[in-house]
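The values are calculated or read from the model by the stated rules, or taken from the named source; none is laboratory data. The structure presented is a predicted model; accordingly, all values stated were derived computationally and were not measured. Here the Cβ is made from the backbone with ideal geometry for all residues, glycine too, and neighbour counts use every protein chain on show.
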Amino acid sequence: MALGEGCPQAYAPLEELMRRRLGRDCLYVPSCRLGLYVALRHWCPPGGRVLMSPVNDDVIFFVVLAAGLRPVQAPLRADDGTIDTTAVPDSVWDGLSAVLTTNLYGNPDPAPELRARCDRLGIPLLEDAAHAIGTVVAGRPVGSFGDASVFSLSKHTGAGTGGFLTVADPAAREELARARDELLTPSRLSAELVHGLRPYAEAAVRGLRLTGAARAALRLLGFEERTDIRMALRPEELARALAPTPSLDAFDSWVRVDMHSYRLVPGRVGSRRTQRLLLRLDERLAAHLAGTQRLLDTPWAAPRPGPAQPLFRVPLLVEDRDAAAAALARHRITVGHLYDPPLDVYAGDRFTDASPAPSAAAWFARHALPVDPLQADRVAAVLDRSGVRPARPPGAASVRVPTRIPANVLRDPPRVRRSPR
Ligand SMILES: Cc1ncc(COP(=O)(O)O)c(C=O)c1O
């Protein structure tokens, strides 16, 4: 099944929009996870070892396993959850086949350093830029450093589907397109309908204040498979999936979580809507940047050097994360996706190499409260009113005393809003 068969030419304009944005060749993929799988298979030898972030979506962990690779968990910085290159021992660097960045919530991993390190080691750098479509590091966009980088159109863009696999070497494009097409499954009318109608259904349900019932219905349809932050590992089944040559089919029940359409040939309805949304991306990024700036000015934000970025979610640092999330939930504000515990704790050494220095990642995973910058004022008002206490990583400078939020903001009741994961 080739991507063009479902709707000829439908995806070329999307690829061109992204090529202009990034200055690189881009290949449309139905999801970031599928693009990552294609990239890992293309650039890494079977059985290779991939350095990745343990504070990451478990779906990506299963994508690495499905590609026949061994995840190696990296040490992270406690203040923003990015990879701490200084804490990776030489013995770990020397055994790697690739480095996969995460750019968690949009904060950039140290791409220039990782690029230089990968060049010295002669291994590929692959960038997961799902959360970081508007982030710049060292004057260049995230996604322009790796041999390949993969974006998700389900995050800032809000398309709920789609992504791009981008490559440094245009010569690789044709082979990658073939690999992508071999993995696609035919478009289903039901998926197209769900895709087209979902935003309207969600808006209607929000208006009727039936969010709980709607979510139960979505769960029945297979859209919500998590009963906890992390999906069930199912270790015995996982070991069986790994036993022969791993493949995407064997890992489908883990990789599809939160997005059953991750490898469906996209249809016409989706491509037109995605194009409209992509054309408005700069507007969305400006709103994310403004909200991020507002949140970085609150006592719950970790101080950051350099200019603010249009983060997908702003990871505030709070003493009691669950209590803070519950306070926001009482005002019907949904917290962004949590990645707690880190993947090495979640999966154990049967399935991954543990981080050589895990404590900072564990601290960040426990204290990070990722909030939507588009709701900055409401979030700040609720946290202030609820007396949520900021936290600082062990050894960091002491926290600022919370400033009071202006009374007019506190009086303004939080709006109901669901945003993409
Ligand atoms: C860090 C990260 N990378 C990749 C993905 C996968 O993106 P997609 O849903 O487009 O496959 C996610 C999913 O939410 C994610 O959080």
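Check segment 363-375 and report whether any residue there is closer than 30 Å to residue 65 by Cα and small (Gly, Ala, Ser).
yes
Quick check on residue 137: is it near the ligand (Cβ under 10 Å from one of its atoms), of a type outside the set (Lys, Arg) and surrounded by 19 or more Cβ atoms within 10 Å (Cβ to Cβ)? First the steps, then the outcome.
Working: near the ligand (Cβ under 10 Å from one of its atoms): no; of a type outside the set (Lys, Arg): yes; surrounded by 19 or more Cβ atoms within 10 Å (Cβ to Cβ): yes.
Spelling it out, it is not the case that residue 137 is near the ligand (Cβ under 10 Å from one of its atoms), of a type outside the set (Lys, Arg) and surrounded by 19 or more Cβ atoms within 10 Å (Cβ to Cβ).
Only residues that are modelled with pLDDT under 60 and surrounded by 14 or more Cβ atoms within 10 Å (Cβ to Cβ): list them for segment 219-241, please.
Passing the criteria: only 223.
Please determine, by comparing only the residues of segment 328-378 that are among the polar types (S, T, N, Q) and assigned to a helix (DSSP H, G or I), which one is surrounded by the most Cβ atoms within 10 Å (Cβ to Cβ).
My answer is 375.
Which of the residues that make up segment 289-313 are under 16 Å from residue 136 (Cα atoms), in contact with an Asp or Glu (Cβ under 9 Å, 6 or more places away or on another chain) and buried (at least 22 other Cβ atoms within 10 Å of the Cβ)?
Residues satisfying the conditions are 312, 313.
Is there a residue being small (Gly, Ala, Ser), modelled with pLDDT under 95 and more than 16 Å from the ligand (Cβ to nearest atom) anywhere in segment 402-411?
Step one: filter segment 402-411 for residues small (Gly, Ala, Ser), giving 407.
Filter once more, keeping what is modelled with pLDDT under 95: 407.
Subset that is more than 16 Å from the ligand (Cβ to nearest atom): 407.
Looking through segment 402-411, at least one residue is small (Gly, Ala, Ser), modelled with pLDDT under 95 and more than 16 Å from the ligand (Cβ to nearest atom).
Output the residue which, of all residues in segment 27-37 that are out of contact with any helix residue (DSSP H, G or I) (no Cβ under 7 Å at 6 or more places or on another chain) and part of a helix (DSSP H, G or I), is farthest from the ligand (Cβ to nearest atom).
It comes out as 35.
Mind checking whether some residue in segment 250-260 is farther than 24 Å from residue 340 by Cβ, crowded, with 19+ Cβ neighbours inside 10 Å and within 16 Å of the ligand (Cβ to nearest atom)?
Within segment 250-260, not a single residue is farther than 24 Å from residue 340 by Cβ, crowded, with 19+ Cβ neighbours inside 10 Å and within 16 Å of the ligand (Cβ to nearest atom).
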